[in-house]
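Peer 1: Before anything else, here's the structure in question.
All of the numbers you see were taken from the coordinates with simple rules; none came from a lab. These figures come from a predicted structure and were not determined experimentally. Note that each Cβ is placed from the backbone with ideal geometry, even for glycine, and that neighbours are counted across all protein chains shown.
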Amino acid sequence: MTATSARPDTAVGAHDLAKAPAAGERRRPRLPFSPWHLLLAPLALVFAVPLVWLVLSSVMSNAEINRFPPALWPSGIDLGGYRYVLGNAMFPRWFVNSLIVSAVTVAANLVFGSLAGYAFARMRFAGSRVLMGLMLATMAVPFQLTMIPTFLVMKKLGLIDTLGALIVPSLVTPFAVFLLRQFFLSLPRELEEAAWIDGCSRLRVLWRIVLPLSRPALATVAVLTFLTTWNDLTWPLIAINHDTQYTLQLGLTTFQGQHHTQWAAVMAGNVITVLPVLLAFLGAQKTFIQSITSSGLKG
């Protein structure tokens, strides 16, 4: 009886010894976060330095900003720059102009980009590949080469010195069409074929099935288009002459004179200008990443 009862204990002991780590092995410490964060966190701080410097400079006085060596930290909070900007009678008008141009451009790119992207992704017509290649080739053409022809076209249309001159050239962009096309290609065709069997037209399939599944791509197009339009300075500088039609970026240049510059006002105005873009990106960053990873699945 004694010998028989000792065998299970010996078996259990051998099993435990097999589970136990060897004497020379040590358990690797597990980090509470991804090891990539050790690299990404310092990089994020480096990229955040200009934004932090912008915010700190906006609460400095002009004398403190112009001091050499420059001050790294404000001696006190001076809101003179914000009072100067918000007290300018034209600043609200510039903000509204930028908002109108950006909103219309984003909406147009979502509508026309979706239609064109779906056509290139699902429809086969004569010259579709050639047309797609030509459209992508325009992305390699710098704006400086098309600036004068665009100006002449807008002048013929009578849109110079109006907000229409800022909206019409950007109603649809090759990037929006290409990104949405790539995302549409990643969606399964079976969903659309089932809707066609039920009698849905192509437009209804696009509206009811494809677009609800493409929210990440639509959010990415919206954010990037808003960012580009909101921060554009070159084209408004050429197409707009009267200060009532200025956008924010163009209006901020009036704070910089030939002999004197209101640096506190410039910094405060840039903080106000950056806030909408920053909030838009933070609100859509998850869908932004999801769209970029999904749109690269197929060529």
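Peer 1: Given R₀ = 41 Å, what would the calculated FRET efficiency be for Val111 paired with Leu278, taking r from the Cβ atoms and rounding to 0.05?
Peer 2: Working: r = 26 Å, r/R0 = 0.63.
The formula returns an efficiency of 0.95 here.
Peer 1: R0 = 22 Å: FRET efficiency of Leu54 with Gln285, Cβ-based, nearest 0.05? Don't skip to the end; give the middle numbers.
Peer 2: Details: r = 20 Å, r/R0 = 0.93.
FRET efficiency, Leu54 to Gln285: 0.60.
Peer 1: So if each residue of separation counts as 0.36 nm, and I subtract the Cα-Cα distance between Leu131 and Arg93, what length gain in nm does that give?
Peer 2: Details: separation 38, 0.36 × 38 = 13.68 nm, distance 4.03 nm.
Separation in residues times 0.36 nm, less the Cα-Cα distance, equals 9.6 nm.
Peer 1: Let me ask you something else. Label the stretch 73-139 by shape, choosing from rounded, prolate and oblate, from the square roots a ≥ b ≥ c of the eigenvalues of the Cα gyration tensor; if a/c is under 1.5 it is rounded, and otherwise prolate applies when a/b is larger than b/c, oblate when it is not. Mind showing how you got there, number by number?
Peer 2: Working: a/c = 4.77, a/b = 3.14, b/c = 1.52.
Prolate, because a/c is 1.5 or more and a/b exceeds b/c.
Peer 1: Hey, another quick one. Highest mean first, what order results for 177-186, 274-283, 107-116 on Cβ atoms within 10 Å? Please report the intermediate quantities before stating the final value.
Peer 2: On the way: 177-186: 22.5, 274-283: 13.5, 107-116: 19.0.
Highest mean packing first, the order is 177-186, 107-116, 274-283.
Peer 1: While we're here: For the residue pair Leu40 and Ile197, what label-to-label distance in nm results when each label sits 7 Å from Cα along the Cα-to-beta-carbon direction?
Peer 2: For the pair Leu40/Ile197, the computed spacing is 4.2 nm.
Peer 1: OK, next. Work out, step by step, the length gained on full extension between Thr261 and Arg189: first 0.36 nm times the residue separation, then minus their alpha carbon distance; give nm to one decimal.
Peer 2: On the way: separation 72, 0.36 × 72 = 25.92 nm, distance 5.85 nm.
Result for the pair: 20.1 nm of gain on full extension.
Peer 1: While we're here: How would the stretch 115-171 be classified by its alpha-carbon gyration tensor: rounded, prolate or oblate, with rounded meaning a/c under 1.5 and the a/b versus b/c comparison settling the rest? Could you put the intermediate results ahead of the total?
Peer 2: Working: a/c = 3.07, a/b = 1.99, b/c = 1.55.
Since a/c reaches 1.5 and a/b is larger than b/c, the shape of the stretch 115-171 is classed as prolate.
Peer 1: Sticking with this one: Taking the Cα centroid of the stretch 45-114 and of the stretch 122-175, what is the distance between the two, rounded to the nearest whole Å?
Peer 2: One Cα centre to the other: 30 Å.
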